[in-house]
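For reference, the structure is listed below as structure tokens.
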Amino acid sequence: MTGYILRRLLGSIVVMWAVATLVFFMLRLVPGDPIAAMLADAGGPEDIARMRHNLGLDRSVLVQYGIWFINMLQGDLGSSIYGSRIAVTTILSEAIPRTLSLSLLSFAIAMIIAVPAGILSATRRNTMTDHTVSFLAFLGLSMPDFWLAILLIIVFAANLQWLPAIGYTPLAEGLWPWLRHLILPAIAIGTAFSAIIARMIRSSLLEVLKSDYMRTARAKGLTPWMIMFGHALPNAMIPVITVIGIAFALLISGAVVVENVFAIKGLGRVLIEGILNRDYPVVQGAVLVVSAIFVFSNLVVDLLYGVIDPRIRLN
């Protein structure tokens, strides 16, 4: 197990390096000049040349990459070249807790909805309950998260005034202030995610419930509760966990739009602003963090296989 984890960690580092390198060179290929975007019409050619020299953008791309890579290995992701020259690590350290809070709460809401819905749909196949759950799942899948976000703002923030429409409060200032700012965006993101997971649980459970060992369990006189939660659900969760791992990573990208709707300055909003301002260090740092979340969430999923089903050995 230790050898497997070490190999996966080394592979994860290689993947993150490849993603960061690809983003570094692709940003330089995108049309547009960050200095011209920063100065607009305020500076002349001499001002542009001086600022380009000060930021090191007058060097060759390979030299810029070498300097950036060496600094990254030392934990220095550079400073924002747009505005007040804030360190990228400072920007990311403020944005990451917001995005992770939103993603984890969205994940919790999705699982609370998806697990009982999937079990109900599978155990009551072709009944009104199954059709209702399937209809709601397709409804959740077909609704864009930004549209649901706007709908929630209109109903619960503008009309009922139960919850705030914008902003974020850190968890350090209290559980309820933190929660009340995240409930609406978490529901907007988690709804589509819950629909996917519910459909996966239903499909996987239906296969498991038809297995020979499930008939044996019923013949032994086990209670429906023991059959479902002791035998059927753990075996049905293997393919579901694969989807959960991928979908959790996609929650981060799904948060990009919803963060903008609710004015939460998380990773998604930082990334969008960095791209619009052609702020190379910020975009590179944000992409590096997002790729790390993708890679390590999939690593956790692989490790969970062996926990859920001991027959699976990680070699």
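When you go through (1) more than 30 Å from Ile189 (Cα to Cα); (2) surrounded by 15 or more Cβ atoms within 10 Å (Cβ to Cβ) one by one for Val115, which number turns out not to apply? Every condition holds for Val115 apart from (1). Among the residues making up segment 1-27, those that are of a type in the set (Phe, Trp, Tyr) and in contact (Cβ under 8 Å) with a residue 24 or more places away in the chain are Tyr4, Phe24, Phe25.
Exactly one residue among Leu250, Leu206 is open to solvent by 20 Å² or more (accessible area, probe 1.4 Å) and either modelled with pLDDT under 80 or of a type in the set (Lys, Arg) (or both), and that residue is Leu250.
Any residue that is on the phi > 0 side of the Ramachandran plot and among the basic types (Lys, Arg) - is there at least one of those in segment 216-234? Before you say what the answer is, go through the steps one by one.
Of the residues in segment 216-234, the ones on the phi > 0 side of the Ramachandran plot are 221.
This time we only want the ones that are among the basic types (Lys, Arg), so: none.
Checked against the condition, which is being on the phi > 0 side of the Ramachandran plot and among the basic types (Lys, Arg), segment 216-234 yields no hits at all.
No other residue among Val290, Val240 is open to solvent by 20 Å² or more (accessible area, probe 1.4 Å) and either assigned to a helix (DSSP H, G or I) or in contact with a Gly (Cβ under 8 Å, 6 or more places away or on another chain) (or both) apart from Val290. For segment 171-190, filtering for residues that are farther than 11 Å from Val258 by Cβ and within 18 Å of the chain's Cα centre (by Cα) leaves 1.
Residues in segment 68-83 that are over 25 Å from the mean Cα position of the chain (by Cα) and either small (Gly, Ala, Ser) or exposed (fewer than 13 other Cβ atoms within 10 Å of the Cβ) (or both): 3 in all.
The values are calculated or read from the model by the stated rules, or taken from the named source; none is laboratory data. It should be emphasised that the depicted structure is a prediction, and the values quoted were computed from it without experimental measurement. No Cβ is skipped: glycine too gets one built from the backbone with ideal geometry, and neighbour counts run over all protein chains shown. Heavy atoms of the whole protein, side chains included, go into the accessibility calculation; ligands, DNA and RNA do not. Shrake-Rupley method; radii C 1.70, N 1.55, O 1.52, S 1.80 Å.
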